[in-house]
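Here is the structure we will look at, set down as structure tokens.
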Amino acid sequence: MTMDIVPRIIAQKDNALGQTPWGGWSATFMSIGFLVFQFTIAALLGVVLVLSMLGTTVFEGGFSAGEVKMLIDIAIISFAISYFLTIGLIVFVSSLRGGRARDVLLLGKPVQFVFNLIVGVVLLVMFFGLMSYVIETFFANDARQNDAQMKQIFTALKSSNLLWGGIAIVVIGAPIVEEMIFRGFLLNSLSTTRLGFWGGAVVSSLLWSLVHGYAASMAVGLFVFGLLLSLMVKRTGSIWISIILHSFWNGIVTAGMFVALGNSVT
């Protein structure tokens with residue numbers, strides 16, 4: 001009988017994290033389901049809001065400047081709601097099969113929080129500097145491609161009436177949801193299988209990097225970053241440390257993009 005069909009919590013000997021009733025395959029499919037749910041909800045809400053606020057005529061021709069700004073505002077609202085609903089779904093699913101969300105998602109108090117946070121920030125800064133050097137030196141085309149993509153996104157964000165809401169989604173919402181899925185639910189479950197902790201860290205980090213759709217070199221960098229976050233989760237037994245580091249990373253990228261665009265956030 002496999003862990004996927006046992007209704008009670010069974011902690012395997014390789015489990016270095018929290019207890020979970022979810023097996024590797026079921027956790028992987030469920031994690032993909034969380035992401036599909038989030039984007040589906042965001043898309044459906046976006047369509048409903050567009051139709052209710054702008055009507056069907058908005059699809060018949062080009063968009064005016066005012067309509068573009070409203071569409072960006074609608075996208076921010078839709079993603080914000082989808083993140084809240086996805087967090088609720090993750091917590092609910094983690095409570096099934098006799099599990100406890102606190103254990104399944106690794107939401108407990110971090111071990112040696114302050115010390116490990118300092119260690120994590122130092123490693124993150126070192127990683128950020130090394131990754132920037134490697135990409136700029138050996139993967140300049142990828143860097144330009146990613147930079148252009150990010151500038152388009154942040155230029156649109158900057159024009160929104162809900163700018164700070166958009167920043168909150170990037171810096172707070174995305175890290176919470178992604179860490180709950182990849183370093184909490186999925187990594188915890190994979191670590192109970194024959195993969196062990198580091199095998200689970202490789203698989204969860206690989207999936208995390210792929211869903212972002214970045215250029216190859218950026219995806220590799222994100223994969224390594226995922227391993228770093230996994231290490232900090234292992235050290236502390238909690239995803240709170242990875243959420244903070246992930247938020248710090250997104251904050252650096254966000255601030256850097258606004259500086260690159262030439263204007264401060266007001």
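The values are calculated or read from the model by the stated rules, or taken from the named source; none is laboratory data. Note that the structure is predicted; figures quoted are calculated from it, not measured. Here the Cβ positions follow ideal geometry from the backbone for every residue, glycine too, while neighbour counts run over all protein chains shown.
Scanning the range 38-70 for residues that are of a type in the set (S, T, N, Q) and either surrounded by 14 or more Cβ atoms within 10 Å (Cβ to Cβ) or at pLDDT below 75 (or both) turns up Gln38, Thr56, Thr57, Ser64.
The single condition among (1) surrounded by fewer than 18 Cβ atoms within 10 Å (Cβ to Cβ); (2) farther than 30 Å from Ala65 by Cα that Pro175 does not satisfy is (1). Would you check if Ser31 is crowded, with 19+ Cβ neighbours inside 10 Å, farther than 27 Å from Ser230 by Cβ and at pLDDT 95 or above? The answer is no for Ser31. Assessment of the range 84-100 against the conditions (buried (at least 18 other Cβ atoms within 10 Å of the Cβ) and basic (Lys, Arg)) yields at least one matching residue. Scanning the range 205-230 for residues that are part of a helix (DSSP H, G or I) and in contact (Cβ under 8 Å) with a residue 60 or more places away in the chain gives Leu207, Val211, Ala216, Ser217, Met218, Gly221, Val224, Phe225, Leu228. The set of residues in the range 183-204 being buried (at least 24 other Cβ atoms within 10 Å of the Cβ) and outside any helix (DSSP H, G or I) consists of Ser191, Thr192.
Look through the range 4-25, keep the residues that are in a helix (DSSP H, G or I) and farther than 22 Å from Lys234 by Cα, and return whichever of them is modelled with the highest pLDDT. Looking at residues that are in a helix (DSSP H, G or I) and farther than 22 Å from Lys234 by Cα, I get Asp4.
Are any of the residues in the range 71-81 surrounded by 15 or more Cβ atoms within 10 Å (Cβ to Cβ), part of a helix (DSSP H, G or I), modelled with pLDDT under 90 and at negative phi? Yes. The set of residues in the range 238-266 being at pLDDT 95 or above, out of contact with any helix residue (DSSP H, G or I) (no Cβ under 7 Å at 6 or more places or on another chain) and either surrounded by fewer than 19 Cβ atoms within 10 Å (Cβ to Cβ) or assigned to a helix (DSSP H, G or I) (or both) consists of Trp240 alone. Restricting the range 124-158 to residues that are charged (D, E, K, R) and touching a Leu at 6+ places or on another chain (Cβ under 9 Å), the residue that is modelled with the highest pLDDT is Lys158. Among the residues of the range 86-118, how many are assigned to a helix (DSSP H, G or I) and under 20 Å from the mean Cα position of the chain (by Cα)? So the answer is 14. Among the residues of the range 119-168, those identified as under 30 Å from Ala65 (Cα atoms), among the polar types (S, T, N, Q) and not in a loop (DSSP other than H, G, I, E, B) are Gln145, Asn146, Gln149, Gln152, Thr155.
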